[in-house]
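What follows is calculated from the coordinates using simple rules that are stated; it is not laboratory data. All figures in this text were calculated on a predicted structure; none of them were measured in a lab. Positions of Cβ are generated from backbone atoms using ideal geometry, with glycine treated the same way; all protein chains shown enter the neighbour counts.
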Amino acid sequence: MSDIAIVIEEHKQIDIDNGSEHINTLARLLDGDNYNPKNPHDCMGLDWGNRSRTSIKASYFVGVKWIEEGKSAICVKPKIENVDFLSMFMRCFDNECSDVASKLGDIYHISFNEKPIVVDHHLFELTPMLIVHFLKLLERIVKKGIKRDYTQIEENLTAKIKGKVKYGKTILCNHSIGRNERVICNYQHFTEDCIENRILKKVLRFVEKYLMLNHLTSDKELKHIASNCMKAFANVSDSISTQSIKQFRLSPMYKEYNEALKVAKMILQRFGYAYDKINENIDALLPPFWIDMSLLFELYVYSLLKSTYHHQIAYHIGTYGNEVDFVKYDENLIIDTKYSLCWEERVNHDNVRQLSGYARNVSLREKIMKVGNDETTILPCLIIYPDMTIGKPMEQPSILLNAIGIDSYLKFNKLPIALPIK
């Protein structure tokens, strides 16, 4: 039996006048003094739908959240049915931009410290998302070369001394029984078999078993990445206790390792640190979590743009509080992503005014045009949004070839793209 008491779709509203006990409880949560709708950690960005507070509206976040822990939960579903956010997430790793790499961990959040929620396991693929994130991060680490570090070794040596002699242990374990030629020493060894790599290899074992038991969308690619990573960790042991993993603290010196180790710990928490909990129905019991679909869409579009137009695309160009999603330099084009279906039917004039303001900002114009300010040139603008019925591909050399012009505005266009479907 599911714990889900309320189901709502992204950007949809629900009335609070229908007398539902669960909706009234949610309304009281939104009325709380500490509730901040701009903080998705509070309640996935849910907010009042109007000033009279007669309805509650969902935002860009999908996921599940307790209304009353252990009693009832709310589920926010994607507005695009069967959207394959796992494939979108995988595509986000297709570029090496450091700005994007730092944002990939912001796409989702999981609250492992809260009680899990019973859901329909076909609704969300949370575990595969963690698996993909981990393997993609590990793949990057392997390409650059896995780290080596000093580890403490304690060894009972014969007729030699290395490092620091453990006198007490040597007398007790060796000299007291006549083995005077033996000395117990503690020394440092520079090796790949360090604690960070042991944690990563242990999690890689979990991932391999999960991929063996489950069939994912990109099963072949993920198994190939896992196999290559396992070869790179051939000289690393996976022998490490659960307590050592829980007590391990990240080092700020290794940024990429930190990201991989954070996800590694989440995977171990997801499986309860036990191999026997890896099964096909694990996503029927989910910890409270959310996925930021707006950020996921933005980074997905960026990967499409970057793979098509390469160095002509710049990400998040800004100045003095004005920041555009993307710029295509060879066309002096300002591009913005809007994860909204309303562009299918009508023009969102607020979005148009926002981009038009950017196109008239003197500092931004100089950055985009890379010349002195030319007041006679109108910079073209483009909105990219999801549309599953008339999605168009990006064409070389101009992205505007498939764009749809908006007649009521000069040099303003929109481009619908179709998202992957499960």
At q = 0.06, 0.07, 0.13 Å⁻¹, what log₁₀ I(q)/I(0) does the chain have when each alpha carbon counts as one equal point scatterer in the Debye sum? -0.35, -0.46, -1.21
Debye intensity ratio in log₁₀ form over the Cα atoms of the stretch 1-145, taken at each q of 0.15, 0.18 Å⁻¹: -0.84, -1.11
Which of Gly272, Gly45, Gly32 moves most in a GNM of the chain, Cα contacts under 10 Å? Gly32
For the stretch 4-77, restrict the atom set to alpha-carbon positions and state the Rg and Dmax in Å. 10.9, 31
Quick check for you: which residues of the stretch 170-210 have the amide N under 16 Å from the point 7 Å beyond the Cα of Ser241 toward its beta carbon? 195, 199
Which longest uninterrupted range of the chain lacks any GluC sites (Glu not before Pro) assigned by DSSP to a loop state (not H, G, I, E or B) and surrounded by at most 15 other Cβ atoms within 10 Å? 182-279
Work out the charge dipole of the stretch 149-191 with +1 on the Cβ of Lys and Arg and -1 on the Cβ of Asp and Glu about the Cα centre, then indicate which of Tyr167, Asn186, Thr151 is farthest towards its positive end. Tyr167
Starting from the coordinates of the alpha-carbon atoms of the stretch 149-191, obtain the Kirkwood hydrodynamic radius over all distinct pairs and give the value in Å to one decimal. 10.5
Could you tell me which chymotrypsin sites (Phe, Trp or Tyr not before Pro) in the stretch 224-260 are loop residues by DSSP with no more than 12 other beta carbons within 10 angstrom of their beta carbon? none
Once Lys and Arg get +1 and Asp and Glu get -1 on their Cβ, which of Gly49, Leu104, Val62 lies farthest toward the positive end of the dipole of the stretch 1-148? Leu104
Of all the C-alpha pairs in the stretch 27-66, what % are more than 11 Å from each other? 63
For the chain, averaging the sequence separation of alpha carbon pairs under 8 Å that lie six or more residues apart and dividing by its residue count, the contact order in percent is 16
Descending Cα extents along the principal axes, the stretch 45-130, whole Å: 46, 31, 27
Pairs to check: Lys392/Lys414; Lys202/Lys265; Lys77/Lys209; Lys12/Lys38; Lys38/Lys115; Lys12/Lys115. Give those whose C-alpha atoms are more than 19 Å from each other in this structure. Lys77/Lys209; Lys38/Lys115; Lys12/Lys115
Pick from Asn34, Asn180, Asn50: which residue has the top mean-square fluctuation in a GNM of the chain where Cα pairs under 10 Å get a spring? Asn180
Over the stretch 120-207, what lengths in whole Å, largest first, do the semi-axes of the equivalent ellipsoid take, defined as the square roots of 5 times the eigenvalues of the alpha-carbon gyration tensor? 45, 16, 7
Mean 1/r over all different Cα pairs, inverted: what Kirkwood radius does the stretch 336-420 give, in Å? 13.9
Reachable lysines from Lys367, Cα under 18 Å, same-chain residues fewer than 8 places away excluded? Lys328
